[in-house]
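Taking it in order: structure first as structure tokens, then the write-up.
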Amino acid sequence: MAEETLKIFSFRRAGKERAGLCVGSQLFDLSWLLCEWPGTEDLELPDFPTVLHLIERGCFGREWLRELWRFACDGSLAESARLQEPVEFLPPITRPQKILCLGRNYAAHAQETGATVPEEPIFFAKAPSSLIGHEQPIRLPALSKRVDHEAELAFVIGKRAKGVPAEKAWDYVAGYTIVNDVTARDLQKADIDKARPWFRSKSFDTFCPCGPWIVPREEIPNPHSLNIELRVNGEVRQKANTADMIFKIPELVEYLSAHLTLEPGDIISTGTPEGISPLRPGDVVEVEIERIGVLRNPVAAESGPTAEAQPASHPKELG
Ligand code: MG
């Protein structure tokens, strides 16, 4: 039987951000396990490291995680590290230096918005302050009359990248996660019409649901063959495969790193397929990507009550 995939997430416990480890259907306190593990002695990690600390120190690959997990199981520490209570998920990287997104990276989506298919990557930024985690509510701002979902595969940068050629790009990818690139479509259209940047329509608070976790790169040998689906209240709105992306991850790393320096923990979201549609208060939106999981968020008015979020400690409940 194949070994189970180990995934890393961020959560809050007693008011503090911590790193978590998902093994099969179980969630564990990774920050606590690391305090017990002699394998971190030379790494100068803080007492309770975050996911970003681990990525910055290169403590993220599949083999590193498996070695840690074997130690946890052999030393009977796993049971003590198991999270019993409902888990408050945070975005897997809570404070990335950058969130960069690809625009029009699926031909059918470019066509549905009336845009042409690009000849080179179109990228833009979302404010890191727009990040929220799994199960946290998306708030619809009063300034917009139409807010859309956008299901996207995202990758997380594992080490500093500047001028990286496509053939070396995989070395700079720590792993994969899910982003919902929530967009105030009416404001975006008004800005495009006036040749203004897209930034404000992409960067409202709560407009970047991300998670629930990061799957290490080695666990997904080909991220360009994954089914991607978005559901609103259980109804399928977007359904595609990452094989349809126009610019693939190696080209994106080359292109982006030719322009700017990518830092560990930066989140790069690779664009959405066709099927965008508006969100309304009371909706529950789920993005599912094969081999990664399900990112689920309720939708609420800017200051209204939130739909009943269901914190889950059991990944099967996460889908
Ligand atoms: Mg997008």
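The values are calculated or read from the model by the stated rules, or taken from the named source; none is laboratory data. These numbers come from a predicted model, not from an experiment. Cβ placement follows ideal geometry from the backbone for every residue including glycine, while neighbour counts extend to all protein chains displayed.
Taking residues in region 96-111 that are within 11 Å of the ligand (Cβ to nearest atom), and partners anywhere that are hydroxyl-bearing (Ser, Thr, Tyr) and part of a strand (DSSP E or B), the pairs with Cβ atoms closer than 6 Å and at least 6 places apart or on different chains are CYS101/SER269.
Could we say that TRP37 is modelled with pLDDT of 85 or more and of a type in the set (Phe, Trp, Tyr) here? No, not satisfied.
Close Cβ contacts (under 9 Å, 6 or more residues apart or on different chains) running from residues in region 124-135 that are within 17 Å of ARG18 (Cβ to Cβ) to residues that are part of a strand (DSSP E or B) and hydroxyl-bearing (Ser, Thr, Tyr) comprise GLY133/SER10.
I'm trying to understand the selection: among the residues of region 145-169, which are surrounded by 15 or more Cβ atoms within 10 Å (Cβ to Cβ) and either under 24 Å from LEU54 (Cβ atoms) or modelled with pLDDT under 95 (or both)? Once the filter is applied, which keeps residues that are surrounded by 15 or more Cβ atoms within 10 Å (Cβ to Cβ) and either under 24 Å from LEU54 (Cβ atoms) or modelled with pLDDT under 95 (or both), region 145-169 yields GLU152, LEU153, ALA154, PHE155, VAL156, ILE157, GLY158, LYS159, ALA161, VAL164, ALA169.
Test LEU68 against the criterion of being closer than 19 Å to VAL215 by Cα and surrounded by 17 or more Cβ atoms within 10 Å (Cβ to Cβ), and give yes or no. Yes, satisfied. For ALA81, the criteria (1) without any contact (Cβ under 8 Å) to a residue 40 or more places away in the chain; (2) not assigned by TED's automatic domain parsing to the domain that holds VAL179 hold in every case but one, which is (1). Across region 90-110, what is the total count of residues that are assigned to a loop (DSSP other than H, G, I, E, B) and over 20 Å from LEU279 (Cβ atoms)? Of the residues in region 90-110, 9 are assigned to a loop (DSSP other than H, G, I, E, B) and over 20 Å from LEU279 (Cβ atoms).
The residue that is nearest to the chain's Cα centre (by Cα), among those in region 279-297 that are of a type outside the set (Gly, Ala, Ser) and part of a loop (DSSP other than H, G, I, E, B), is ILE292. Across region 171-191, the qualifying residues are those that are within 21 Å of the chain's Cα centre (by Cα) and polar (S, T, N, Q), and the one among them that is farthest from the ligand (Cβ to nearest atom) is THR177. Of the listed requirements (1) closer than 23 Å to HIS259 by Cβ; (2) within 16 Å of the ligand (Cβ to nearest atom); (3) among the polar types (S, T, N, Q); (4) over 20 Å from the mean Cα position of the chain (by Cα), SER130 misses just one: (4). In region 248-278, of all residues being assigned to a loop (DSSP other than H, G, I, E, B) and away from the ligand (no atom under 15 Å from the Cβ), the one that is surrounded by the most Cβ atoms within 10 Å (Cβ to Cβ) corresponds to ASP266.
Yes/no per residue for (1) among the hydrophobic types (A, V, I, L, M, F, W, C); (2) assigned to a loop (DSSP other than H, G, I, E, B); (3) under 22 Å from GLY265 (Cα atoms):
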{"residue": "PRO46", "(1), (2), (3)": "no, yes, yes"}
{"residue": "HIS53", "(1), (2), (3)": "no, no, yes"}
{"residue": "GLU63", "(1), (2), (3)": "no, no, yes"}
{"residue": "ARG66", "(1), (2), (3)": "no, no, yes"}
{"residue": "TRP69", "(1), (2), (3)": "yes, no, no"}
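Taking the numbered list (1) polar (S, T, N, Q); (2) within 14 Å of the ligand (Cβ to nearest atom); (3) touching a residue at least 60 places away in the same chain (Cβ under 8 Å) in turn, ASN227 passes all entries but (2).
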